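For reference, the structure discussed in these notes is given below.
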Amino acid sequence: MKTHDVPTITLHNGKRIPQLGFGTLSVPPDRNPTPSNTAKTAEVVGLALACGYRHVDTAQMYGNERGVGRAIAESGVPREELWITSKLGNGQHRPEDVRRSFDETLSKLGLQYLDLFLIHWPLPTLYDGDYVSTWKAMTELLADGRLRAAGVSNFQPGHLDRIMAETGVVPVVNQIEVHPYFRNDSVRKATRRHGIAIEAWSPLGQGHLLSDPVITEIASGLGKTVAQIILRWHIQHGHIVFPKSMHRERIEENLSIFDFELSDREEAAIDSLDKGEAGRIGPNPDTFAWVPSESTPTPVAPR
Ligand code: NAD
């Protein structure tokens, strides 16, 4: 796999993001930033970089930014070839915490600048419902060049409308749950309408989709794996994806999806697997209200 085989998506601020990256939720599984977990993260992310990934998706709440940073430092890949995304922790929504925790993120990652920083969850039932001040603080980070782009994650259409109406600043991406069992059409449509790119989280449905008979049949017809078919479906829908795996062969396999195409019929067959709300795996952003406690960083966090 050659790095340049991965297409880029041009965001509304003109920056180009690799359409396929590497996800790091549960790398390591328990999100506890112990030295051995940091070493494990560095090893797995290092493997992904060696395989040709140039885009890594992490988050403050994953407890692995140090490991991601170590992998970047040890990889020898020039910084300008990399796209690194992190996300604001649910306990950091107050504007002063946005600024402080962003500094900590840069320091843990060992970077001078971050390519993309997202509000991880809108938490509309916490912080007096004020995710607008949080968004404003995120956008202010753009001023000194240490943040290149600001976006959101898990924002519903009403949340998007409100931050744009009250600040005038349009996020570059909305990172939301999307996979063939949960197309999330209404949020995708609202996101696209504003020129915001869609990042599809849990693109493989965290493994739940891997035995689907329709996708399995398409995969065997094309001589590809089920994971490759699902990822290709995302690519053809224009989604930015970052599947997660800790195994070399899967990490390589997930990157090798640019030498074939799904026909319109195959794409439509996968489209038809949508189960609506019943297909959702993660929490509903309208009600999700979880904040990690300081003593236990994130061991039981859903996402
Ligand atoms: P995913 O859909 O990427 O699935 C990961 C699981 O699929 C792994 O545990 C692995 O067992 C399996 N898998 C991966 N490649 C495979 C292959 N080729 N063959 C067979 N099995 C394979 O799930 P995810 O990790 O939840 O999502 C991807 C990334 O999205 C995360 O790592 C994280 O970076 C991001 N994410 C963001 C949010 C958010 O709220 N913003 C939520 C969840 C995930």
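The values are calculated or read from the model by the stated rules, or taken from the named source; none is laboratory data. For clarity, every value in this text was computed on a predicted model and none was experimentally measured. Accessible surface areas use protein heavy atoms only, side chains included; no ligands, DNA or RNA. Shrake-Rupley method; radii C 1.70, N 1.55, O 1.52, S 1.80 Å.
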**Fill in**
Using eta = 0.692 mPa s and T = 37 °C, Stokes-Einstein with Kirkwood Rh from Cα pairs puts D for the range 171-299, in µm² s⁻¹, at 208 µm²/s
**Request:** Compare 288, 258 by solvent-accessible area with a 1.4 Å probe and give them largest first, with all protein chains kept in place.
**Result:** 258, 288
**Message:** Across the chain, what fraction of all alpha-carbon pairs, as a whole percent, falls in each successive 20 Å bin from zero upward?
**Reply:** 35, 60, 5
**Request:** Write down the percent of antiparallel bridges among all DSSP beta bridges whose residues are both part of the range 1-108, to the nearest 5.
**Result:** 40 percent
**Solvent-accessible area of residue 286 with every protein chain in place, 1.4 Å probe, in Å² to the nearest 10** = 70 Å²
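Quick check on the range 211-272: what are the equivalent-ellipsoid semi-axes from the Cα gyration tensor, as sqrt(5λ), descending, whole Å?
19, 13, 10
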**Asked** Percent of accessible area on the chain owned by carbon and sulfur, 1.4 Å probe?
**Response** 49 percent
**Prompt:** In this model, which of 189/275; 87/244; 15/189; 87/136 are farther than 20 Å apart at the alpha-carbon?
**Reply:** 15/189
**Prompt:** How many Å² of accessible area per residue for the range 187-303, probe 1.4 Å?
**Reply:** 48 Å²
**Complete:** Of all C-alpha pairs within the range 141-200, those more than 13 angstrom apart amount in percent to 60 percent
**Asked** When DSSP beta bridges are limited to those with both residues in the chain, what percentage is antiparallel, rounded to the nearest 5?
**Response** 15 percent
**Asked** Where only protein heavy atoms count, and the probe is 1.4 Å, what is the accessible area per residue for the range 1-94 in Å²?
**Response** 39 Å²
**Prompt:** Residue by residue through the range 262-270, which ³J(HN,Hα) values in whole Hz follow from phi under the Karplus form 6.51 cos²θ - 1.76 cosθ + 1.60 (θ = phi - 60°), with glycine and proline marked x?
**Reply:** 8, 6, 4, 5, 5, 4, 5, 5, 6
**Complete:** Put 191, 34 in order of accessible area, largest first, probe 1.4 Å, and you get 34, 191
**Complete:** Here the Cα Rg-to-2.2 N^0.38 Å ratio for the range 71-224 is 1.19
